[in-house]
Amino acid sequence: MAEVYRGYHAALDRYVAIKLLHPFLADDPEFKERFEREARNVARLKHPNIVQVYDFEYDAEGESYYMVMEYINGPTLKDRLFDLGLSGDRLPLAEALRIVKAAAQALAYAHERGMIHRDVKPANLMLDDDGRVVLTDFGIAKILTGAHVTSSGGMVGTPAYMSPEQGLGEAGDERSDLYSLGVILYQLVTGRLPYDAATPLAIILKHVNEPLPRPREIVPDIPAELEAVICKALAKAPEARYQSAQEFVEALEALEASALPLEASAGAVVSPPPAPTVAQAQNADTPILPLEKLPQAQMRGAGRPFVRVLAVAGLTIVLVLVAAAAFGRDRSGTVPPVQRPEATVGTQTPEALAGVVSTPGLAVSATPEPTALPVVAAATLTPTVSPTYTASPTETPTVTPSPSPTPSPDLTGTAAFLFFERQTAATPTPNMTKTLAACHLEYIVIAPDKHNVPPPVTDVNNPRLVRANTDFSFEIVLQNTGTCAWPAGARLSFNPDLTENPDRSVDLTPLTDVCGANLRPGLNFARQQQSNFFIKEPVGITENSPAIVFTGTAPRLFGCYYGVWELFYPESDVRIGRPLVLAIRAWGGG
């Protein structure tokens, strides 16, 4: 997906990380708009546990988009786990809780602002040299794929850390991120992943169908209270998990505040895992995307001074050959192993010493893998791309899991699609978004009346006429005028981009006519900038929804204000109808 450089900003006397996206990504006509939108959203995230984005722009000379980010001087959590695995150690429980709590706090902050990560994994958690935990690659999944992929059954994520609903092709929501974080906590505490197999399909099916192996069966000295937290985070059904990242944080804080023996596993020694086979190591911890997003351009910039380069062209050819071998000539579902390219930086990496092929990442990944930060000064990478593949007719998608914690292999979206297509009769894997393709999804606003126009100053009983800098609430009732019912969980979600830069789908003419010079810039005036309001009950065709209680806080300055909201089908990014403009009028104030 990108090349990552370490850059020096002379005026500010600081190092930065520069992520230069490969030019072929711009072949997508929607990429520019998607990149700018998501980059702006990510740049707004200012939290100590989220990597800061300083700038983003288009480089005309190189024909590439780039992002300038905070430079994190430290390893990824994946690197830390690898080192511990070589020595046969595990993290102390207190340190594991600290890392996961910091990541949960980062997710809580982002989720409140409508940002879902969709690929939480150890490679996207970095450990700064001062001990700070930093979550990276927010927004990358959407930059690469766009909402049209995540709402059409395409899988985005990493099999070993993927929630069951993502494994079934659904987009997932905040609770999907929490499931992935629960997998990380399980791995930190037990020293292994909850589910492992030789193929990504088998791993995905285990996440969907198999009961969770109890952590205390692996490490008996784990406190029962900690096991309960892990099991709740890894519940199959999203509604059985923690419903928000803040709720997860509070559960972890309660464990830290208790008198539990959280240092029981400090220095604990576990048997180091055997070196993974090529079939298992070839795509370890690598996200997967639908085949239509595979890059079709050659890798650029080979030999330039960057730390890790994604081997675009070679791996694309390999994936196409693998798909042809597995699903063109042999319909048995066999996925031949792929020899991935090696990359060396100076001396051999720990992965190479352990017998694992070091991989700079797949161009089909939703986030570069392994994470390109931290980088090493003056390091020069000379990639050697020598992809090969070998058919293995005896391999099947459901191999008995290895008893040792081995990295999870990768999978192309086409392989997943063909597998599930063949297995529909034996193993139903419903995909609601495909069903919705036949639906006409629409609604009308029953209340409030004239929702897109602020009430006049004489309408003193209107709850949307609000004294400046005070709280208010009003009810929103929607009628389902489409051809399909809505299950419980449809959400009204704030769209900052359409609010800031309305397009043709947003009609502000009534606002302009009524407010004139008093029309203020659009903003999210929901209380504490809440980004989602949910319809908690099903809504049948032609039925009215239960009242959504919208709570807000009026700005300090008088005038007319508006925000643009969108209604989404439950647990998806499938939008229902047109955007909804909500308007209020603030009186008094400066």
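The values are calculated or read from the model by the stated rules, or taken from the named source; none is laboratory data. Here the structure is a predicted model, which is why all the values come from computation and not from measurement. FYI the Cβ positions are ideal-geometry reconstructions off the backbone, even for glycines, and counts take in every protein chain you see.
General remarks:
- Residue selected from segment 6-20 under the condition touching a residue at least 60 places away in the same chain (Cβ under 8 Å) and crowded, with 19+ Cβ neighbours inside 10 Å, by the criterion farthest from residue 496 (Cα to Cα): 6
- Yes/no for residue 490 being assigned by TED's automatic domain parsing to the domain that holds residue 575, touching a Lys or Arg at 6+ places or on another chain (Cβ under 8 Å), surrounded by 13 or more Cβ atoms within 10 Å (Cβ to Cβ) and touching a residue at least 12 places away in the same chain (Cβ under 8 Å): no
- Scanning segment 561-578 for residues that are closer than 20 Å to residue 500 by Cβ and crowded, with 20+ Cβ neighbours inside 10 Å, we see that the one that is modelled with the lowest pLDDT is 573.
- Identity of the residue in segment 458-476, loosely packed, with under 15 Cβ neighbours inside 10 Å and not in a loop (DSSP other than H, G, I, E, B), that ends up modelled with the lowest pLDDT: 467
- When residue 551 is tested against (1) under 31 Å from the mean Cα position of the chain (by Cα); (2) surrounded by 18 or more Cβ atoms within 10 Å (Cβ to Cβ), exactly one condition is not met: (2).
- Top-ranked residue in segment 191-226 [being of a type in the set (D, E, K, R) and surrounded by fewer than 18 Cβ atoms within 10 Å (Cβ to Cβ); ranked as farthest from residue 177 (Cα to Cα)]: 221
- Members of segment 440-450 found to be surrounded by fewer than 17 Cβ atoms within 10 Å (Cβ to Cβ), touching a strand residue (DSSP E or B) at 6+ places or on another chain (Cβ under 8 Å) and within 25 Å of residue 513 (Cα to Cα), listed by number: 444, 446, 447
- Contact map, segment 522-542: first residue assigned by TED's automatic domain parsing to the domain that holds residue 563 and closer than 29 Å to residue 440 by Cα, second residue of a type in the set (Ser, Thr, Tyr) and surrounded by fewer than 13 Cβ atoms within 10 Å (Cβ to Cβ), Cβ cut-off under 8 Å, separation 6 or more or different chains; pairs are 541/483.
- Strands (runs of 3 or more DSSP E) contained in segment 512-590 and holding at least 3 residues on the phi > 0 side of the Ramachandran plot: none
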